[in-house]
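Worksheet for the structure shown next.
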Amino acid sequence: MIRLWPKSLVGQLLLIVALMLLLAQGVNSFLLYRGAQSQNLVEASTSAVSRIAFGQDRQASDRPMRRGAMPVQRWGRLKYSANSVVTDDMQRLPELETRAGQAFANMGIVFSDIRATFIRNLTTDMTGHLIGTNRRAWRDNPINRSMGDKRAPPETRGFVIISAQQADGQWISIASVVRERTPLLVRTLLFQTITIYLLMLIPLILLGRYISRPLKSLTAKAHGFQPGETEDLAEQGPPDMRELIRAFNVMSSRVSSMIKEKDVMLGAIGHDLRTPLAALRVRVENVEDDVERERMIAGIEDIVHTLDDILSLARLGRSREQSDPVDIRSLIETIVDEFTDLGHEVHYQRGDKQSALIRETLVRRALRNLIGNAILYGQAADISVEKSGNKLMINVDDDGPGIPEEKIESMFEPFLRGEASRNRATGGSGLGLTLARAIARDHGGDIILTNREQGGLRATLVLPAD
Amino acid sequence: MTHKIHILLVDDEASLRQPLAEYLIKQGYKVQQASDASVARSLLNAYDFDIILLDVMMPGEDGLSLCRFVTDKTDIPVIFISARTEETERIIGLELGADDYVTKPFSPRELVARIKVVLRRAEKSGTKQISTSGAAYQFSGWTLKCDKRSLIDADGLNISLSTGEYQMLLALVSRAGKVLNRDQLLDITQGREAHAFDRAVDNQISRLRRKIESDPKNPEIIKTVWGGGYVLAGEVKSL
């Protein structure tokens, strides 16, 4: 049921209109049905009134009844009784009673009381006092005969009984068949609904598209939003939609200018910090003490590294470096060599050629950070490459203490290091993993940390394979 | 050599320019300082320089534009000094005809080494444009592109090289068929002389072989000449 519910605006609009239309048609039909029913009752009571009036005529003219002149069987005889056939426990129909009273009055006949009721099955005492049906045909039917005369003839919904009290207190009663002449409701209802719906369908679809087309382009624009985009989305659709598009355009230009400001600021920070650092780096060469000088150089390099990490992280996603297919083996070897040259223990066994479409300097930085972490916490790193489906996984394993499972995700938060102290002596900017993950995700990959069964941590750099 | 190497140092930041000039003078160079492009232009008219160290970002006329002027009118090699680290910046600089590119902050020793490399290259070739901007070489199915410092295999796949490996390969490729000993290679690539038991060259060569030879144990591209050094075998096409 839920699955049938359409997802698009136009679909929902069409469905709601269809349901509402059906409901309105249903109510309409019910009212029509009610109207038709009371119409049938009026018709039946009119025949009954005529019959009584006819009987009264003859009584009034005091003419002896000629045998055979009246098709008694077909017309039904009037029932004369001391008490009304319409007893007090029956539900009376005041509207019919008023109508009958007026009809009699028009004909100059006066009754002291008139009662009318509707019954579904004919009571025994009224058998034979019935009009409005071809009773002979009805009675001659053997099935009906076997069941007595209490069953209503076909197409009969029930009977109206009109009972009128003469001035002498005697009641004249007659029953009249109420025919079923209500229309074929369900079919008509459906036919009407569908006709109206089809007529409304075209304007509805046009209206829906008028609304949904600008909505769709707005959604696409928001999804593919790139800061710095100057092209505004054209305002189209109804006024409130135009207003929304205008608001979106203003918002995106605001976002773009904020990001541009940030870029300008970062560029300035980069420039303004690098130049004095460069000056410092030159001056350090004048320091006579070798140990002291090397320490100072290391300190400057540490600052530069942190600065690079911050700037790369901030600029990521708007890198102008172009992606190239790169042999992952050579990339790993280049970085491994860097570390072995510094005296670290890093193992990598060259395997099959693996290609990935990457921005090499960025991925180098990510991998360098992972290996740097492995060496920092585990003294040695072991690198292996796996390919699964269209994913390339570069695993960096260490023999360190690993990370408690519940803390793994928080390792990616900026400026958080594995150990509780934020002691700079352990090195690193605290941005290493954050940046590595940002780089991997920028390439459509990720960084995954898992504790190895044999102990130690495995950091996996996932990249889409070329 | 009686002639002192004459350097033009162009940087708007006096805080960097002055100590750097002092350092270079201490290393035995003659240095003129310019705080912007117009000063640099007048100095260029007045003196004969051997090399220019040029800051990219300067108020007024920037380093890129001055570099274009210098490479168009003269044969003086240019080394860019930039605060920008992006790869594209470096490529633009090299495309404009700069011979090398260092990013701030740099090690002054490395800068001196690079000055030596650039000068040696210019001296050897007579004209300075031998192996940099826009140049590319093809050898044994490989392509070495100098502007992006990239090595591309027969399938179009980029092979990652360290700076040292790139320099070494470029030295061998641009002098294909010529046997180069360790001293020469160190001189070309790093502007320094080998100390005793220096394994740096052999190390780079074996790493290069691992990346480009189909069988690094029996090299067919970079061959060892016993008692001599290394040579790049096979035909090299300069593009």
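The values are calculated or read from the model by the stated rules, or taken from the named source; none is laboratory data. Just so you know, these numbers come straight off a predicted model, no measurement behind them. Cβ: placed from backbone, ideal geometry, glycine included. Neighbour counts: every protein chain shown. Accessible surface areas use protein heavy atoms only, side chains included; no ligands, DNA or RNA. Shrake-Rupley method; radii C 1.70, N 1.55, O 1.52, S 1.80 Å.
Would a scan of the range B:205-217 turn up a residue that is open to solvent by 30 Å² or more (accessible area, probe 1.4 Å) and on the phi > 0 side of the Ramachandran plot?
Among the residues of the range B:205-217, not one is open to solvent by 30 Å² or more (accessible area, probe 1.4 Å) and on the phi > 0 side of the Ramachandran plot, which makes the answer no.
Quick check on A:Glu292: is it open to solvent by 70 Å² or more (accessible area, probe 1.4 Å), more than 25 Å from A:Met393 (Cα to Cα) and modelled with pLDDT of 90 or more?
yes
Show the residue pairs meeting these rules: Cβ distance below 7 Å; 6+ apart or different chains; first residue within the range A:354-381 and more than 12 Å from chain B (Cβ to nearest Cβ) and within 18 Å of A:Gly456 (Cα to Cα); second residue in a helix (DSSP H, G or I) and not hydrophobic (A, V, I, L, M, F, W, C).
A:Asn369/A:Gly432; A:Gly372/A:Gly432; A:Asn373/A:Gly432; A:Leu376/A:Thr426
Checking B:Leu9 against (1) open to solvent by less than 10 Å² (accessible area, probe 1.4 Å); (2) among the aliphatic types (A, V, I, L, M); (3) within 9 Å of chain A (Cβ to nearest Cβ): exactly one of these is not met. Which one?
(3)
Residue by residue through the range A:297-348, note down the ones that are within 12 Å of chain B (Cβ to nearest Cβ), in contact with a strand residue (DSSP E or B) (Cβ under 8 Å, 6 or more places away or on another chain) and open to solvent by 20 Å² or more (accessible area, probe 1.4 Å).
A:Ser323, A:Asp324, A:Pro325, A:Arg329, A:Phe339, A:Thr340, A:Tyr348
So, B:Tyr166, is that one within 26 Å of A:Asp327 (Cβ to Cβ), within 14 Å of chain A (Cβ to nearest Cβ) and of a type in the set (Phe, Trp, Tyr) or not? I'd like the intermediate steps shown before the answer.
On the way: within 26 Å of A:Asp327 (Cβ to Cβ): yes; within 14 Å of chain A (Cβ to nearest Cβ): yes; of a type in the set (Phe, Trp, Tyr): yes.
It is true that B:Tyr166 is within 26 Å of A:Asp327 (Cβ to Cβ), within 14 Å of chain A (Cβ to nearest Cβ) and of a type in the set (Phe, Trp, Tyr).
Would you be able to tell me the number of residues in the range B:54-108 that are among the small types (Gly, Ala, Ser), buried (at least 24 other Cβ atoms within 10 Å of the Cβ) and farther than 23 Å from B:Lys145 by Cα?
1
Note down all Cβ pairs under 6 Å where the first residue falls in the range B:104-121 and is facing another protein chain (nearest Cβ under 9 Å), the second is of a type in the set (D, E, K, R) and surrounded by fewer than 21 Cβ atoms within 10 Å (Cβ to Cβ), and they're at least six residues apart or on different chains.
B:Pro108/A:Glu285
Going by the structure shown, is A:Ser384 more than 14 Å from chain B (Cβ to nearest Cβ) and either at pLDDT 90 or above or surrounded by 15 or more Cβ atoms within 10 Å (Cβ to Cβ) (or both)? Quick ask: steps written out before the conclusion?
Numbers: more than 14 Å from chain B (Cβ to nearest Cβ): yes; either at pLDDT 90 or above or surrounded by 15 or more Cβ atoms within 10 Å (Cβ to Cβ) (or both): yes.
So A:Ser384 passes the test.
Inside the range B:154-163, can you point out the residues that are farther than 18 Å from B:Asp100 by Cβ, of a type outside the set (Gly, Ala, Ser) and either under 14 Å from the mean Cα position of the chain (by Cα) or at the interface with another protein chain (Cβ under 7 Å from one of its Cβ atoms) (or both)?
In the first step, residues of the range B:154-163 are kept if they are farther than 18 Å from B:Asp100 by Cβ; the result is B:154-160.
Narrowing further to those that are of a type outside the set (Gly, Ala, Ser): B:155, B:157-159.
Of everything in the range B:154-163, those that are farther than 18 Å from B:Asp100 by Cβ, of a type outside the set (Gly, Ala, Ser) and either under 14 Å from the mean Cα position of the chain (by Cα) or at the interface with another protein chain (Cβ under 7 Å from one of its Cβ atoms) (or both) turn out to be B:Leu157, B:Asn158, B:Ile159.
Checking A:Asp446 against (1) closer than 25 Å to A:Ile300 by Cα; (2) open to solvent by 30 Å² or more (accessible area, probe 1.4 Å); (3) of a type outside the set (Lys, Arg), which test does it fail?
Here A:Asp446 clears every test but (1).
Filter the range A:257-277 down to residues that are among the charged types (D, E, K, R) and out of contact with any helix residue (DSSP H, G or I) (no Cβ under 8 Å at 6 or more places or on another chain) and give me whichever is farthest from the other protein chains (Cβ to nearest Cβ).
In the first step, residues of the range A:257-277 are kept if they are among the charged types (D, E, K, R); the result is A:260-263, A:272, A:274.
Narrowing further to those that are out of contact with any helix residue (DSSP H, G or I) (no Cβ under 8 Å at 6 or more places or on another chain): A:260-261, A:272.
Numbers: A:Lys260: 17, A:Glu261: 18, A:Asp272: 8 Å.
Out of the qualifying residues, it is A:Glu261.
Considering only residues that are open to solvent by less than 100 Å² (accessible area, probe 1.4 Å) and hydroxyl-bearing (Ser, Thr, Tyr), which ones fall in the range A:189-236?
Hits for the range A:189-236 are A:Thr193, A:Thr195, A:Tyr197, A:Ser212, A:Ser217, A:Thr219.
Do we have B:Asp183 as away from chain A (no Cβ under 14 Å) and among the acidic types (Asp, Glu) here? Quick ask: steps written out before the conclusion?
Details: away from chain A (no Cβ under 14 Å): yes; among the acidic types (Asp, Glu): yes.
Criteria met by B:Asp183.
Here is a yes/no grid of residues against (1) within 19 Å of A:Asn40 (Cβ to Cβ); (2) open to solvent by 40 Å² or more (accessible area, probe 1.4 Å); (3) modelled with pLDDT under 70:
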position: A:Arg67; (1), (2), (3): no, yes, yes
position: A:Ile109; (1), (2), (3): no, no, no
position: A:Thr123; (1), (2), (3): no, yes, no
position: A:Ile131; (1), (2), (3): yes, no, no
